[in-house]
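Engineer: First, the structure itself, so that you have it in front of you.
The values are calculated or read from the model by the stated rules, or taken from the named source; none is laboratory data. Note that the coordinates shown come from a computational prediction; the quantities given were computed from them, not determined experimentally. Cβ: placed from backbone, ideal geometry, glycine included. Neighbour counts: every protein chain shown. Areas reflect the complete protein model, heavy atoms only, side chains present, ligands, DNA and RNA absent. Shrake-Rupley method; radii C 1.70, N 1.55, O 1.52, S 1.80 Å.
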Amino acid sequence: MKAWYALVAFACGFAVAQLWKFVTGVVSSRKQEKRDFKEMVGYLMRSGGMPSGHAASVTALTVYLGCFSGFDSPIFMLAVAFWGIVLYDAIHVRYAVGEQGKALNKLLEEARKPELPVVEGHTMAQVVVGTILGIIIGLLVFWLAGGKF
């Protein structure tokens, strides 16, 4: 079994989360008569939303590294620290910045100025679902790579 499967776990976590956002976005916009291609691609590239791609990808990486290297290994401890920073940022920092961006755009709208792009953060529920998804993906990639539990 190769260590580079850790990157596969990371990429799969992100891809599954973004695909989930794409599918739910397309289904929710089905009622619209006209679907914009740019909007459809936007669902794939969207930041924020359900589930958290940050949580899914970093959790999948961390779980895989724990299974591969051992849950008492230094690399797993490093991954847990990285996981904590990324999730804290997604929930607190990026969420606050997104809310501030929305408020700023309201002021710009009143002043008849062009809006700024707003990068959304995540709610706690979005991070929890992304984390659960990441645990499943990390374990699945470990198993598919030939790992034994």
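Engineer: Taking +1 at the Cβ of each Lys and Arg and -1 at the Cβ of each Asp and Glu, which of Leu78, Tyr95, Val27 sits farthest along the dipole of the chain towards its positive end, judged by Cα position relative to the Cα centre?
Structural biologist: Val27
Engineer: At 1.4 Å probe size, with every protein chain present, just tell me what the per residue accessible area of the chain comes to in Å².
Structural biologist: 63
Engineer: Quick one: with all protein chains in place, what share of the accessible area of the chain is carbon or sulfur, to the nearest percent (1.4 Å probe)?
Structural biologist: With neighbouring chains kept in place, the figure for the chain is 70 percent.
Engineer: For every other residue with a beta carbon closer than 10 angstrom to the beta carbon of His122, add +1 if it is Lys or Arg and -1 if Asp or Glu, then tell me the sum.
Structural biologist: Computed value for this residue: -1.
Engineer: Let me ask another. Considering only protein heavy atoms, with the full assembly of protein chains and a 1.4 angstrom probe, order Glu110, Glu115 by accessible area, largest first.
Structural biologist: Glu110, Glu115
Engineer: Not counting ligands, DNA or RNA, and with a 1.4 Å probe, what is Phe82's accessible surface area in Å² rounded to the nearest 10?
Structural biologist: Answer for Phe82: close to 90 Å² accessible.
Engineer: Enter the accessible area of Trp83 (Å², nearest 10), with the probe set to 1.4 Å and all protein chains included.
Structural biologist: Only protein atoms counted, so the area is about 80 Å².
Engineer: Grab the beta carbon distance between Ala11 and Asp89, set R0 = 22 Å, and tell me the FRET efficiency rounded to 0.05.
Structural biologist: 0.65
Engineer: Shifting gears a bit: So what is the relative contact order for segment 1-111, in percent, with contacts set as C-alpha pairs under 8 Å and at least six apart?
Structural biologist: 28
Engineer: With a 1.4 Å probe and all protein chains kept in place, how much accessible area does Ile85 have, in Å² rounded to the nearest 10?
Structural biologist: 120
Engineer: Note down the relative contact order for segment 86-149 as a percent, whole number, built from C-alpha pairs under 8 angstrom at least six residues apart.
Structural biologist: Relative contact order of segment 86-149: 36 percent.
Engineer: Would you indicate which of (i) 1.02; (ii) 1.08; (iii) 0.99 is the value of Rg/Rh (Cα atoms, Kirkwood Rh) derived from the coordinates of this structure?
Structural biologist: (ii)
Engineer: Separate question: By how many degrees, 0 to 90 and rounded to 10, does the Cα axis of helix 94-110 deviate from the longest principal axis of the chain?
Structural biologist: Compared with the principal axis, the helix lies near 10 degrees.
Engineer: Taking Cα atoms, how many degrees apart are the long axis of helix 124-144 and the longest axis of the chain, rounded to 10 and kept between 0 and 90?
Structural biologist: 40
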